[in-house]
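The values are calculated or read from the model by the stated rules, or taken from the named source; none is laboratory data. Predicted, not measured: the structure shown is a model, and the values here were computed from it. Cβ placement follows ideal geometry from the backbone for every residue including glycine, while neighbour counts extend to all protein chains displayed. Just the protein is used for accessible areas: all its heavy atoms, side chains included, with ligands, DNA and RNA removed. Shrake-Rupley method; radii C 1.70, N 1.55, O 1.52, S 1.80 Å.
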Amino acid sequence: MGSVVRRTRRRKRCLGEVRMLRREEYQGLELNAKVELIRSLIPLGLMHVQMALEEEVEALAGPRYAHGDGTAGMRHGSNPGTVVLDGQRVPIRVPRVRGAQAEIPLRSYQALRGTGTADDGLLRRVLYGISCRNYEAAARAIPGAIGLSSSSVSRSFIEASAAKLKEFQERRLSKERYVALFLDGKSFADATLVIAMGVTGDGSKRFLGFVETDTENEKVLAPFLRTLMERGLDLSAGLLVVIDGGKGLRAAVRQVFQKRALVQRCQWHKRENVVSYLATSEQATWRRRLQHAYDRPTYTEAKAALMKLHRELEGRNQSAAASLAEGLEETLTLHRLGVYELLGVSFKTTNCIESANALVEERCAKVDAWKTSNQRHRWLATALLDIEPRLRRVKGHRNLPKLEAALRRALNIKEQQHRMEEAA
């Protein structure tokens, strides 16, 4: 009972705040600003729709009952109509203004009426958890809303998400300077989509693209990486590529990026792969020991600690020892570059992109069945574009210039050569 009372009070308080919008402030807004204001106040904004229409009528026909004061026409009753508010059609009465020769259309009504296609509001509602089949019921929560059928919402979502996919695939990558690239796969039923996420010079995260494949294999991933370069991904200053250790990913990076990129293998995946060969009773101890070795600040110290553990594992479990030795140098790339203490928290694992994948899962998990490849692509592109503005910059982003300088030294890229390539 108490919660109902509190909700009622909150609702009344919100209504009071909306009614406090001063008429003169509202009248001073441009038409587009008024439209955006009304759209953002659903369902409370419905109270202001009529105000916007009446204001335009007054400008055209003068104040009500003031005969002959109109500058363009005269009032001529009203007709039933609808406006689109957050993806839903709402019935209203539309006032009419008649000029000397014909009826004068109201610009504010045309703007609020919309095109009938899905807007970002409907797109977000479906993406955030209101399924197409439940959208009609959800629409009834807005007073006076005309419920949309599930098929109508489904068609609208397909159109809107297809537009998002096109926008995502055509984004140019040359507008930003990328220091690092994360590559990781996201499962959609029996399909895997490998996502590329770049880190810019100021530490911002950007999704660069994705490719669908049944496994992370070189034949699929190499052409995908080439398309990133064709869209403007610049390697002239070098690039740090962070991967989980998959052989297909590694081979594709080596083939396409050649001597313009260094690979940092995920230390978490390496550690978990090694301990998976050991008895369950030993895993926690070895997990701590391996992590302690990786956390040594310098390459020499970390390499020595890991080699000591490798020798011990050879006598205990040769499979675990072989796992540790495989690709060991690439798990120490940040150490070799001398930036592990500064940037290890962000780049020693694939956590950055896996955290983003978890946000994708939140938006896509409610899909019961992935029926087509196009469906997977549309949902993923829409989710990534929605998530991207919400991502925080990487930790230690102020030290990224040191990573850039270390990459140029390690890859033997001279500053003058870099500038010439960048200018070209």
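Structure values in brief
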{"item": "Distant-in-sequence amide H partners of residue 261 (H built 1.01 Å from N, under 5 Å)", "result": "239"}
{"item": "Note, ³J(HN,Hα) from phi for segment 267-275, Karplus 6.51, -1.76, 1.60, rounded to Hz, x at Gly and Pro", "result": "5, 5, 5, 4, 4, 5, 5, 5, 5"}
{"item": "Sulfur and carbon atoms: percent of accessible area, segment 157-220 [1.4 Å]", "result": "46 percent"}
{"item": "Carbon and sulfur %, accessible surface of segment 271-424 computed with the full protein complex present, 1.4 Å", "result": "47 percent"}
{"item": "Sorted peptide list for 253-264, 339-350, criterion being average Cβ within 10 angstrom, highest first", "result": "339-350, 253-264"}
{"item": "At 0.890 mPa s and 25 °C, Stokes diffusion of segment 186-242 via Kirkwood alpha-carbon radius, µm² per second", "result": "196 µm²/s"}
{"item": "Amide H partners (placed H, <5 Å) of residue 185, local residues excluded", "result": "195"}
{"item": "Gain upon complete extension [residue 283, residue 316; 0.36 nm per residue less C-alpha separation]", "result": "10.6 nm"}
{"item": "For a label point 7 Å along the Cα-to-beta-carbon line of residue 361, residues of segment 192-236 with backbone N under 16 Å", "result": "192-195"}
{"item": "Burial order of peptide ranges 374-382, 285-293 (average beta-carbon count within 10 Å, highest first)", "result": "374-382, 285-293"}
{"item": "Simple label model, 7 Å out from Cα along Cβ direction - residue 76 to residue 276, nm", "result": "7.5 nm"}
{"item": "Residue 412-residue 234 FRET efficiency (beta carbon distance; Förster radius 22 Å; 0.05 resolution)", "result": "0.80"}
{"item": "Accessible surface, segment 211-270, averaged per residue in Å² (probe 1.4 Å)", "result": "41 Å²"}
{"item": "Entries in 259/395; 205/348; 164/259 that, when Cα-Cα distance is taken, lie over 24 Å", "result": "259/395; 164/259"}
{"item": "Orientation-averaged projected area, Cα convex hull of segment 235-369 (nm²)", "result": "10.6 nm²"}
{"item": "Surface/4 of the Cα convex hull for segment 211-277, nm²", "result": "5.1 nm²"}
{"item": "Under 11 Å from the residue 308 label point (7 Å along Cα→beta-carbon), backbone N, segment 279-295", "result": "293"}
{"item": "Accessible area (Å², per residue) of segment 301-371, counting only protein heavy atoms and a probe of 1.4 Å", "result": "46 Å²"}
{"item": "Per-residue ³J(HN,Hα) for segment 315-326, Karplus 6.51 cos²θ - 1.76 cosθ + 1.60, θ = phi - 60°, Hz, x for Gly and Pro", "result": "x, 9, 7, 5, 5, 5, 5, 5, 5, 5, 6, 5"}
